[in-house]
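All remarks here apply to the structure that follows.
Just so you know, all these numbers are worked out from the coordinates, no wet-lab data involved. It should be emphasised that the depicted structure is a prediction, and the values quoted were computed from it without experimental measurement. Cβ: placed from backbone, ideal geometry, glycine included. Neighbour counts: every protein chain shown.
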Amino acid sequence: MASASSTFKFLSLLAALFAVAEMAISGDPDILSDFVAPLNLTTVDGAFFTFTGMRALVGAPPASAFKVSKASAAEFPALIGQSVSYAVLQFPAGTTNPPHTHPRSAELLFLVDGSLQVGFVDTTNKLFTQTLQTGDMFIFPKGLVHFQYNADSQNSALAFSAFGN
């Protein structure tokens, strides 16, 4: 017959395994269809899967203050259940995207034009920084405080950020 100590160890191990298994599967539930269309939508065609909100940026004058243009489920309903979103970040000379977090997603930043100083602080309070040049990419891990700063006093910077949320 098993001793009380052995039973306790077995039950502790079992509880730990259930806790780890639960952590490993946490997140947004998968959708049960190819995509989610709003109930009031009568016809789904290619237009439903097309976001035109970024057209306003093409050929527009540079932003006068830091500006984020985003395509998330709120602006682009075809993204509902797809676990992705996108943003265009415009940094006039000397502007900052102040410290912030994304608790449910990492951020992958692609610098299209200019230079940026970027960084994040990990859970041990270590600061990681980098100066990015046009064409560089940088990952901000999920849930960590991070920032972007255009230290150039003369030129703007333009970046695209992708999120898996």
Return the whole-Å distance between the Cα centroid of the stretch 87-165 and the Cα centroid of the stretch 37-80.
22
Determine ³J(HN,Hα), in whole Hz, for all residues of the stretch 74-86 in sequence, where each value follows from phi through the Karplus function 6.51 cos²θ - 1.76 cosθ + 1.60 and θ = phi - 60°; x replaces Gly and Pro.
5, 8, 9, x, 5, 7, 4, x, 8, 6, 9, 7, 8
For ASN150, what is the net charge nearby, where nearby means another residue's Cβ is under 15 Å from its Cβ and Lys, Arg count +1, Asp, Glu -1?
-2
Counting only residues 5 or more apart in sequence or on a different chain, those whose built amide H sits under 5 Å from that of HIS102 are GLY143, LEU144
What does the net charge come to around THR134 if you take all other residues with beta carbon closer than 15 Å to its beta carbon, with K and R at +1 and D and E at -1?
-3
Residues in the stretch 64-101, backbone N under 17 Å from the label point at PHE49 (7 Å along the Cα-to-beta-carbon vector): list them, ranges by number please.
76-85
Using only the Cα atoms of the stretch 49-165, build the gyration tensor, take square roots of its eigenvalues as a ≥ b ≥ c, and label the shape rounded, prolate or oblate: rounded if a/c is under 1.5, else prolate if a/b is larger than b/c, else oblate.
oblate
Quickly work out the ALA56-to-VAL121 label distance, labels modelled 7 Å from Cα along the C-beta direction, and quote it in nm with one decimal.
3.4
